[in-house]
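In what follows, a structure is listed as structure tokens, so that the remarks can point back to it.
Taken together, the values in this text are just the output of simple stated rules run on the coordinates, not laboratory data. These numbers were taken from a predicted model, which means no experiment stands behind them. Positions of Cβ are backbone-derived with ideal geometry, glycine not excepted, and every protein chain shown enters the neighbour counts.
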Amino acid sequence: MRVLITGGFGCIGSWITKQLIERGASAWIYDLKEDWRRMDVILEPDQIEQVQFVLGDVTNLDRVVTALREHQITHVVHLAGLQVPTCRANPILGASVNVIGTLVMFEAIRQLGGQVEQLVYASSAAVYGPPDDYPSGPLPAHSRLLPTTHYGAFKVCNETNARVYWLDHQIPSIGLRPWTVYGVGRDFGVTSEPTKAMKAVVVGRQYHISYGGWQDLQFVEDVAATFVRCLEASYRGAGVFNLRGVVADISEFHRTLVSVEPAAAELVTHGDRQLPIAFDLDDSSLQRDIGAIPRTPLDEGIHRTIAHFRRLQGEGRLDTSELEG
């Protein structure tokens with residue numbers, strides 16, 4: 001595979017890139033600027049040497065078409081997008097990047113005929129409304145979408161546009177809806193706080209998770225593996241799938257963290273505010289259409305994350321800037 005990854009310098013993108021390189025695929029990162037700091041702590045030096053950078057804006061159709069054509073890209077992972085706070089503060093900018101940028105990817109693929117075999121893009125669990133808006137029990141992927149943020153609304157728009165591109169042009173795509181992704185490299189956004197709490201424990205600092213309640217904790221290596229598996233799948237259509245990791249409340253996360261690192265009992269605290277997104281999501285359609293998906297137990301995911309942080313600390317490469325203030 002020859003894979004172009006937009007927004008590939010982020011946490012999920014870096015882990016996807018690592019797994020692609022380990023599979024012998026070729027990877028190009030398409031972004032506005034080079035920022036290797038996450039890849040530097042996730043990939044091995046010889047793996048980073050195999051990753052190529054392409055300068056470009058996801059809203060520039062001509063530039064995207066050129067990048068896909070020049071590098072003979074066969075598969076695309078579209079992760080580029082602005083997060084909830086930016087979309088709230090500047091909805092027009094958020095729509096330009098998150099919606100227009102996604103339309104550009106589909107249109108570029110359409111213009112290149114059958115060169116690109118599969119597009120896998122990041123949607124979000126933010127397409128759902130608060131838990132109280134739904135009946136109890138796991139929600140199937142086709143449940144009613146009731147986003148409470150511009151970010152979530154933009155993701156709904158992307159899912160709908162993907163369906164239209166399949167109906168009009170038979171452009172296949174798979175949209176995945178992550179929830180709380182945790183692991184090394186997750187240093188931005190509200191749901192990065194469980195990961196920041198783990199890093200704080202490693203360096204012996206106090207940390208307060210600002211919310212509580214229930215969420216779906218998804219180990220980043222599992223999420224990356226799911227993206228890669230979807231790239232490899234011979235799926236035809238415009239599929240949109242829930243991801244599911246370990247559904248737990250923050251109190252359970254805290255207890256598990258303490259069981260792995262007892263010092264967390266004194267260092268980590270949390271609030272009680274429920275994030276307004278349904279958390280009990282059914283991924284059976286993903287397992288049916290794509291295949292078995294890895295699901296790392298919470299204690300193992302926490303242990304592996306902390307072990308990785310400790311290794312970086314021992315090498316003098318653990319960045320704690322996101323813990324400041």
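Looking at the structure I just gave you, is N98 under 30 Å from Y182 (Cβ atoms), of a type in the set (S, T, N, Q) and loosely packed, with under 15 Cβ neighbours inside 10 Å?
The answer is no for N98.
Pick out, from the range 212-325, the helices (runs of 4 or more DSSP H) lying fully within it that include 3 or more residues that are out of contact with any Cys (no Cβ under 6 Å at 6 or more places or on another chain) and buried (at least 22 other Cβ atoms within 10 Å of the Cβ).
By residue number, 220-232, 250-260, 298-314.
Identify all residues within the range 157-179 that are crowded, with 19+ Cβ neighbours inside 10 Å and of a type outside the set (S, T, N, Q); write none if there are none.
E159, A162, Y165, I171, P172, I174, G175, L176, R177, P178, W179
Which residues, counting only those in the range 56-84, are touching a residue at least 12 places away in the same chain (Cβ under 8 Å), over 13 Å from T6 (Cα atoms) and of a type outside the set (A, V, I, L, M)?
Across the range 56-84, the qualifying residues are R69, H71, Q72, T74, Q83.
From the list E159, E107, exactly one residue is in contact (Cβ under 8 Å) with a residue 60 or more places away in the chain, of a type in the set (D, E) and in contact with a helix residue (DSSP H, G or I) (Cβ under 8 Å, 6 or more places away or on another chain). Which is it?
Answer to the check: E159.
Which one is farthest from the chain's Cα centre (by Cα) among residues in the range 111-135 that are touching a residue at least 60 places away in the same chain (Cβ under 8 Å) and loosely packed, with under 15 Cβ neighbours inside 10 Å?
Of everything passing the filter in the range 111-135, D133 is farthest from the chain's Cα centre (by Cα).
Between Q72, Q52, which is among the polar types (S, T, N, Q) and touching a Phe, Trp or Tyr at 6+ places or on another chain (Cβ under 7 Å)?
Of the residues listed, the single one that is among the polar types (S, T, N, Q) and touching a Phe, Trp or Tyr at 6+ places or on another chain (Cβ under 7 Å) is Q52.
Against the definition (farther than 30 Å from V260 by Cβ, among the hydroxyl-bearing types (S, T, Y) and surrounded by 17 or more Cβ atoms within 10 Å (Cβ to Cβ)), how does S143 come out, yes or no?
So S143 passes the test.
What are the pairs, 6+ residues apart or on separate chains, where a residue within the range 229-241 that is at negative phi and of a type in the set (D, E, K, R) has its Cβ under 8 Å from a residue that is surrounded by 16 or more Cβ atoms within 10 Å (Cβ to Cβ) and not in a helix (DSSP H, G or I)?
R229/I290; R229/I293; E232/M1; R236/P172
State whether the residues of the range 58-76 include one that is touching a Leu at 6+ places or on another chain (Cβ under 9 Å) and of a type in the set (K, R).
Checked against the condition, which is being touching a Leu at 6+ places or on another chain (Cβ under 9 Å) and of a type in the set (K, R), the range 58-76 yields at least one hit.
Just give me the residues in the range 61-72 being touching a Ser or Thr at 6+ places or on another chain (Cβ under 9 Å) and surrounded by fewer than 18 Cβ atoms within 10 Å (Cβ to Cβ), in sequence order.
Passing the criteria: only H71.
Collect the residues in the range 162-190 that are touching a helix residue (DSSP H, G or I) at 6+ places or on another chain (Cβ under 9 Å), farther than 30 Å from Q313 by Cβ and part of a loop (DSSP other than H, G, I, E, B), keeping them in residue-number order.
I171, P172
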